[in-house]
Number of protein chains: 2
Amino acid sequence: MSLLVVGSIALDSVKTPFGERDEILGGSATYFSISASFFTKVSLVAVVGTDFPKKHIELFKKRGLDLDGLEFEKGKTFRWKGNYAYDLNNPNTIYTKLNVFKDFYPAVPVEYKKIPYLFLANIDPHLQLLVLKKVYSPRLVACDSMNFWIQNELKALKRLLKKIGLFVLNDSEAKLISGESNLIKAAKYIFSLGPKRIIIKRGDSGAIFFTDSNKFFCAPAYLIQGIKDPTGAGDTFAGGLMGYLSKSNDLSESGFRKAIIYGTIMASFCVQDFGPNKLLKLKLFDIKRRFTEYKRVTSF
Amino acid sequence: MSLLVVGSIALDSVKTPFGERDEILGGSATYFSISASFFTKVSLVAVVGTDFPKKHIELFKKRGLDLDGLEFEKGKTFRWKGNYAYDLNNPNTIYTKLNVFKDFYPAVPVEYKKIPYLFLANIDPHLQLLVLKKVYSPRLVACDSMNFWIQNELKALKRLLKKIGLFVLNDSEAKLISGESNLIKAAKYIFSLGPKRIIIKRGDSGAIFFTDSNKFFCAPAYLIQGIKDPTGAGDTFAGGLMGYLSKSNDLSESGFRKAIIYGTIMASFCVQDFGPNKLLKLKLFDIKRRFTEYKRVTSF
């Protein structure tokens, strides 16, 4: 089954203890779609400026993305610059220049409206709601968010969460939205806002999938030696997860668990190089091999 | 097979966001032996002062501990006081009063010298070396340590690690001793110091077992809602681990993996109440049930 994503495409400038890159391909929709494209057909709703390098468009095409929903607006592409310290946790943002993304009003092409799997990447919850209005009851709607929207657009975010099948967020966001430092308690609160399932991402501590505040699945991260750049790991996780779900069309507990492992594995590849570089070099074989390896290092 | 532990017995005063307790039973050897006693016969080498409450001795006896190696010295028992913030990570130590522990010179009763499993809990590495000299080549020697010894007695610690079958330490200690922020790289360095196997404990992010810097096993923590006091969780983990290994006498990869899960589960009980309270209320049935539950929440 096919998969629709709405999110950002950016040019990122990133500095980590392991190197520095200027104006490389980035954005939530970018990481998500490249990751998901290993599993299923992905359609993209996003915006770039007229300065967006053609080579990136070629690269999207090479990954088989449907770009009918990609808009080219006069002006500059969204830009982000950030630095990471040794712990590689939250980056220190140097600047965020929204540029054409500032007036982004997602148009959903008619042929996209029946797509059964929808991912609303981290953008203004008003826009996430808008997209949701335009599509015909997808089989699974998942969304991400971030601290900024929790702090500034909580009302819209709460309206959105009522309609969500899977809410993917990280641990600091879960603590912020719930006011609880314990993740089980945080999940309990978040369920009260409406989403049917929750995944709390914990960076190199793995992910927890909740179907109920008493029913969860814990997946450790895949341990990696040569981490170069954590940017996009969360969106890559979501891409692997939603890509695998779209392919299998299996929304059972065991289907979700497998999908979470595929998400975990895609994220582990992502951090091994700057931007989506490592993802772009992958073969399906590499992914399957790491899945087997993951099973080996976690089973008892 | 039986198990010998050398470590501290203390009276702890603890404050967490969930309550406060004064002068409750604590110490590395205490948590370790109570935890291990659910699996095997545990012999204790430690020291207490003449002020040590008799009720605690009764409690040790109730858990079947062999106390021939427990010394009663004139003076006060070792005391520790600490506060935890909401994140429940490293406590803020208010005081450490070594008291009789200051001149602790562990004597190993003759009948203990042949015990095949030995755990050298976190004490001065000179004392750990001394105990190791006194015993007759145990089947497995495991040890713990802490930042203080890494910073102040590194030479002795390095001498000790050459003779160790299993080194159990937490992630901040692994980073400190190796100077590496990546845990695989940290393990690689620690292996160069001599230990045959390494377990890096990561608190609520679980544990990693290394048999080689390229061969590891990842175990997530067991997710707990009502955490009251994390004191002793690491020693309780080690107790469950070594207790299970002594019982099974299975030092294969799969034997270690199971032992690590039992350690994880014992630690998850420990944090549910102040001091070793929850551990003392357990039945073997509770432990087995949580093992099954752990399997359910981690398998895919």
Can you pull out the residues in the range A:224-264 that are facing chain B (nearest Cβ under 8 Å), assigned to a loop (DSSP other than H, G, I, E, B) and surrounded by 19 or more Cβ atoms within 10 Å (Cβ to Cβ)?
A:ILE227
For the subset of the range B:265-275 comprising residues that are assigned to a helix (DSSP H, G or I) and in contact with a Lys or Arg (Cβ under 6 Å, 6 or more places away or on another chain), which member is farthest from A:VAL297 (Cα to Cα)?
B:PHE269
Out of everything in the range A:193-204 that is part of a loop (DSSP other than H, G, I, E, B) and among the charged types (D, E, K, R), what residue ends up being farthest from the other protein chains (Cβ to nearest Cβ)?
A:LYS196
Looking only at residues in the range A:141-163 that are of a type in the set (A, V, I, L, M) and within 15 Å of the chain's Cα centre (by Cα), which one is farthest from A:SER2 (Cα to Cα)?
A:MET146
For residues that are in contact with a Pro (Cβ under 9 Å, 6 or more places away or on another chain) and among the polar types (S, T, N, Q), scanning just the range A:240-284, find the one that is nearest to A:SER13 (Cα to Cα).
A:THR264
Is it the case that A:ALA46 is within 16 Å of A:LEU280 (Cα to Cα), modelled with pLDDT of 95 or more, among the small types (Gly, Ala, Ser) and in contact with a helix residue (DSSP H, G or I) (Cβ under 9 Å, 6 or more places away or on another chain)?
no
Would a scan of the range A:54-66 turn up a residue that is closer than 30 Å to A:ARG202 by Cβ and in contact with a strand residue (DSSP E or B) (Cβ under 6 Å, 6 or more places away or on another chain)?
yes
Name the residues in the range A:265-299 that are away from chain B (no Cβ under 12 Å) and more than 27 Å from A:ILE24 (Cα to Cα), would you?
A:LYS288, A:ARG289, A:THR292
Answer residue from the range A:205-218, given it is part of a strand (DSSP E or B) and either of a type outside the set (Val, Ile, Thr) or modelled with pLDDT under 95 (or both) and is nearest to A:ILE24 (Cα to Cα) among those
A:ALA207
Does A:ALA267 qualify as being without any contact (Cβ under 8 Å) to a residue 24 or more places away in the chain and crowded, with 21+ Cβ neighbours inside 10 Å?
no
For A:ILE190, which of the numbered conditions (1) within 25 Å of A:LYS41 (Cβ to Cβ); (2) among the β-branched types (Val, Ile, Thr); (3) assigned to a helix (DSSP H, G or I) fails to hold?
(1)
Just need a number here: residues in the range B:117-155 that are among the polar types (S, T, N, Q) and either crowded, with 19+ Cβ neighbours inside 10 Å or part of a loop (DSSP other than H, G, I, E, B) (or both).
4
Taking the range A:156-187 as the search range and keeping residues that are out of contact with any helix residue (DSSP H, G or I) (no Cβ under 8 Å at 6 or more places or on another chain) and part of a helix (DSSP H, G or I), which one is nearest to the other protein chains (Cβ to nearest Cβ)?
A:ILE184
Residue check, B:GLY206 small (Gly, Ala, Ser) and either under 30 Å from B:PHE52 (Cα atoms) or in contact (Cβ under 8 Å) with a residue 40 or more places away in the chain (or both)
yes
Determine, yes or no, whether B:ALA221 is buried (at least 24 other Cβ atoms within 10 Å of the Cβ), out of contact with any Lys or Arg (no Cβ under 6 Å at 6 or more places or on another chain) and not in a helix (DSSP H, G or I).
yes
Considering the range B:205-216, residues that are of a type outside the set (Val, Ile, Thr) and surrounded by fewer than 23 Cβ atoms within 10 Å (Cβ to Cβ), and then whichever is farthest from the other protein chains (Cβ to nearest Cβ), we arrive at B:ASP212
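The values are calculated or read from the model by the stated rules, or taken from the named source; none is laboratory data. Bear in mind that the values here come from a model prediction, so they are computed numbers and not experimental data. Counting neighbours? That spans all protein chains shown, and the Cβs are built from the backbone with ideal geometry, glycine included.
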